[in-house]
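One structure is given below, encoded as structure tokens.
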Protein chains: 2
Amino acid sequence: MRAMNDDQAKKPRAARKGQGRGVTMETVGRLAGVSQVTVSRALSDPSKVSPATLAKIQEAIAQTGFVPNALAGALASSKSMLISALVPSITNIVYSSMVKAFSEEMRGAGYQILLSETGFGPEDEEKLIAAHLSRRPDAMFLTGIHHSAQARRMLLGAEIPVAEVWDITDSPIDFCVGFNHAETGRAAAEYARRKGYPQAGVVSAGDERARRRSEAFAREWERIGGAPVAKMLFDAQASLANGRAGLRGLLAQGFTGGVVHCSSDLLAHGVLIEARAQGLDVPGQIAVIGFGDQDFAATVEPGITTVRVDMAAFGRAAAQAMLARLQGAGDGPSVIDLGFEIVERQSA
Amino acid sequence: MRAMNDDQAKKPRAARKGQGRGVTMETVGRLAGVSQVTVSRALSDPSKVSPATLAKIQEAIAQTGFVPNALAGALASSKSMLISALVPSITNIVYSSMVKAFSEEMRGAGYQILLSETGFGPEDEEKLIAAHLSRRPDAMFLTGIHHSAQARRMLLGAEIPVAEVWDITDSPIDFCVGFNHAETGRAAAEYARRKGYPQAGVVSAGDERARRRSEAFAREWERIGGAPVAKMLFDAQASLANGRAGLRGLLAQGFTGGVVHCSSDLLAHGVLIEARAQGLDVPGQIAVIGFGDQDFAATVEPGITTVRVDMAAFGRAAAQAMLARLQGAGDGPSVIDLGFEIVERQSA
DNA sequence: CTGTTAGCGCGTTCAG
DNA sequence: CTGAACGCGCTAACAG
């Protein structure tokens with residue numbers, strides 16, 4: 001290991017004192033001619049130290065390249081300034097833009113984010129939660145509202161603010177921010193019925209919330225008089241390729257034309273590409289409704305009619321509510337419904 | 001704050017003992033009739049404890065909901081099992097897929113990832129590095145090879161493995177894994193020349209490495225006899241909209257047809273969409289070369305000819321080299337060039 | 001404004 | 001196989 005140029009690699013790190021690392025407040029204090037506590041104070045609240053000693057301390061810090069040990073600080077103060085965040089997937093723009101906004105907001109208040117992917121399904125989420133809690137985060141950001149009983153217990157036991165984002169429920173662990181997924185499906189169905197499409201199909205990715213949106217669409221469509229809905233339900237994540245395959249599958253099921261409700265814009269885009277490849281007119285023969293209003297939805301031709309949800313807003317709202325709790329500003333609302341909006345473009 | 005139902009919010013956390021939190025190895029030990037060390041041993045190496053006491057300890061843990069305090073553990077052992085990672089943007093699939101692969105690999109070895117976004121440009125990267133180092137990570141994952149002198153010094157002082165990923169250099173801080181960006185531009189230029197396109201244009205996003213690829217393309221194109229290259233250089237991140245605007249810009253500059261080299265597939269896709277919108281034939285009138293081989297590149301019509309780099313492989317390679325160093329397996333290579341490959345499709 | 005004294009919860013010796 | 005003692009680097013009272 002570079003720079004680990006000791007003879008005995010097994011030797012505890014602490015034995016390598018006096019080198020670049022191992023610079024503590026004690027070291028800095030000695031160099032500045034003050035005690036360790038004074039250094040601590042100078043760092044946490046410079047106004048509690050005289051300008052003269054402050055200067056000496058700062059110089060000593062610069063000379064030694066001292067970097068405070070946040071681990072020790074957290075242990076002593078019971079404040080880690082760490083927020084742990086769990087998302088199904090960081091490569092999915094939907095979640096990454098959510099945590100991005102959340103992180104930026106939290107960083108502004110001095111917090112750092114410990115981020116992990118849970119994959120879909122709460123199996124190993126439990127182990128991840130335990131691993132995260134062992135770092136003693138000051139709060140936790142979770143995606144979705146479905147967590148194992150054991151997970152809930154651990155979270156409650158941790159006695160920290162817990163945000164459940166991207167979905168809402170009446171019984172959050174602590175508080176939740178998001179929107180009603182089923183409602184978006186119903187709204188889309190109503191919109192599509194109004195437009196008078198003869199048939200409807202759904203293409204859905206293999207994620208529980210996506211399914212909930214699709215199911216709601218289909219149920220509502222049929223409830224308000226639509227013909228039975230053709231379905232293509234994938235187990236995999238959404239992708240353009242699945243969108244294309246989705247339309248082909250619908251067609252193979254005897255779907256002859258009408259509206260296709262997709263659980264994401266990515267799938268919708270795939271449907272669009274396949275429709276064009278097959279010479280089908282959009283929205284004349286195939287109309288498409290997506291979900292998410294990702295930036296490409298407005299840019300492709302034809303533009304994708306979709307359900308807009310502001311993921312960045314979710315992240316920000318979660319951060320604000322969390323910060324309020326962290327600052328002990330009482331409990332605040334525990335269900336924050338940010339809603340959604342249907343954006344009409346050319347595809348449906 | 002939920003569950004923070006003390007009267008005095010100001011009261012130190014430590015004062016709330018005997019509740020759900022504040023369960024320590026001491027607590028567990030008392031319940032199991034053993035000392036704290038024994039609990040520690042039972043957790044770190046069950047074989048060092050008799051089966052009987054092990055069982056009692058496990059029961060006590062289950063009863064109390066004990067979660068080990070990794071902060072204290074790290075402080076005592078100088079091993080945080082934390083890896084810090086810095087990427088320009090987590091919403092960019094290029095980087096997120098890299099860290100995803102990296103994280104999965106590292107998690108397999110028991111490490112967790114502290115992830116932050118640096119944005120582009122090394123200004124605040126420095127502060128972020130300091131913040132991360134204060135958590136005493138066991139190693140660090142950096143994107144790119146351009147870091148301030150101060151940053152380099154801190155990193156060297158930390159005496160931990162440092163991976164610089166996504167680009168290569170002969171003088172890494174510790175080790176780097178990636179490919180030669182300029183080389184991809186040159187290879188693309190050579191490919192395009194061979195295809196006999198009459199003119200060339202570039203559309204580039206505002207990121208230093210993207211620029212390096214574009215510049216190399218233009219220089220090589222002109223060096224091997226091509227006509228002067230038209231350029232559309234954006235300051236912003238790549239997007240479909242910028243791709244469309246890029247082609248419009250090129251056209252406005254008098255570019256009448258030929259090959260367009262894009263710094264990413266996203267831009268290339270935008271160029272494709274704009275070409276179609278303007279009734280331009282691809283690749284007859286406008287040929288397009290992208291970069292990245294993102295999954296949609298093969299799925300759109302026409303398929304995008306692009307430069308494939310395996311980001312997941314970068315993440316994995318970085319993790320493997322890092323783990324080797326973490327396990328003290330000597331230094332290993334310090335420059336890991338994973339190369340790239342031109343993927344020919346219909347767009348050029 | 002500054003120093004002293006105690007822990008924070010856990011690993012790591014060293015004895016039994 | 002188990003326990004006592006000590007220290008990791010820092011914050012939190014309490015004195016001066």
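The values are calculated or read from the model by the stated rules, or taken from the named source; none is laboratory data. What you are looking at is a predicted structure, and each value in this text was computed from that prediction instead of being measured. Note: ideal-geometry Cβ built from the backbone for every residue, glycine included; neighbour counts use all protein chains shown.
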Test for residue B:44: is it surrounded by fewer than 20 Cβ atoms within 10 Å (Cβ to Cβ) and touching a Phe, Trp or Tyr at 6+ places or on another chain (Cβ under 8 Å): no
Looking only at segment A:23-41, filter to residues that are in a loop (DSSP other than H, G, I, E, B) and away from DNA strand C (no atom under 11 Å from the Cβ); which one of those is surrounded by the fewest Cβ atoms within 10 Å (Cβ to Cβ)? A:24
Considering every residue within segment A:250-259, establish whether at least one is more than 14 Å from every other protein chain (Cβ to nearest Cβ), assigned to a strand (DSSP E or B) and of a type in the set (A, V, I, L, M, F, W, C). yes
Among the residues of segment B:70-80, is there at least one that is more than 10 Å from DNA strand C (Cβ to nearest atom) and not basic (Lys, Arg)? yes
Flag if residue B:45 is of a type in the set (Asp, Glu) and either facing chain A (nearest Cβ under 10 Å) or away from DNA strand C (no atom under 16 Å from the Cβ) (or both): no
Residues (within 14 Å of DNA strand D (Cβ to nearest atom) and within 14 Å of chain B (Cβ to nearest Cβ)) located in segment A:48-63: A:61
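For (1) at pLDDT below 95; (2) more than 24 Å from residue A:100 (Cα to Cα), each residue gets a yes or a no:
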position	(1), (2)
B:88	yes, no
B:91	yes, no
B:107	yes, no
B:145	yes, no
B:164	no, no
B:184	no, yes
B:189	no, yes
Over 21 Å from residue A:316 (Cα atoms) and crowded, with 18+ Cβ neighbours inside 10 Å: does that describe residue A:129? yes
Candidate set: segment B:163-183, residues that are surrounded by fewer than 24 Cβ atoms within 10 Å (Cβ to Cβ) and away from chain A (no Cβ under 14 Å); chosen: the one nearest to the chain's Cα centre (by Cα): B:167
Within segment A:78-110, considering residues that are surrounded by fewer than 22 Cβ atoms within 10 Å (Cβ to Cβ), more than 13 Å from the chain's Cα centre (by Cα) and assigned to a loop (DSSP other than H, G, I, E, B), the one nearest to the other protein chains (Cβ to nearest Cβ): A:78
Of the residues that make up segment B:133-143, is at least one more than 19 Å from the chain's Cα centre (by Cα), closer than 26 Å to residue B:104 by Cα and touching a residue at least 60 places away in the same chain (Cβ under 8 Å)? yes
Residues being crowded, with 24+ Cβ neighbours inside 10 Å and assigned to a loop (DSSP other than H, G, I, E, B) - total across segment B:230-249: 1
Looking at B:87, B:99, B:94, B:67 in this structure, which one is among the hydrophobic types (A, V, I, L, M, F, W, C) and within 16 Å of DNA strand C (Cβ to nearest atom)? B:67
Say we look at segment B:138-162 and pick out the residues that are facing chain A (nearest Cβ under 10 Å) and assigned to a loop (DSSP other than H, G, I, E, B); which of these is nearest to residue B:315 (Cα to Cα)? B:161
Which condition number in (1) surrounded by fewer than 19 Cβ atoms within 10 Å (Cβ to Cβ); (2) on the phi > 0 side of the Ramachandran plot; (3) in contact with a Leu (Cβ under 9 Å, 6 or more places away or on another chain) is the one that residue B:119 fails? (3)
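Each row is one residue, and each column tells you yes or no for (1) over 26 Å from residue A:323 (Cβ atoms); (2) away from DNA strand D (no atom under 15 Å from the Cβ).
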{"position": "A:65", "(1), (2)": "yes, no"}
{"position": "A:69", "(1), (2)": "no, no"}
{"position": "A:101", "(1), (2)": "no, yes"}
{"position": "A:105", "(1), (2)": "no, yes"}
Given B:157, B:196, which one is free of Cβ contacts under 8 Å to residues at least 60 places away in the same chain, under 23 Å from residue B:327 (Cα atoms) and out of contact with any strand residue (DSSP E or B) (no Cβ under 9 Å at 6 or more places or on another chain)? B:157
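Select from segment A:262-316 the residues that are aliphatic (A, V, I, L, M) and more than 14 Å from every other protein chain (Cβ to nearest Cβ) and write down the one among them that is surrounded by the fewest Cβ atoms within 10 Å (Cβ to Cβ).
Step by step, filter segment A:262-316, then rank; the result is A:313.
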So is residue B:73 out of contact with any helix residue (DSSP H, G or I) (no Cβ under 8 Å at 6 or more places or on another chain) and either within 16 Å of DNA strand D (Cβ to nearest atom) or modelled with pLDDT of 95 or more (or both) or not? yes
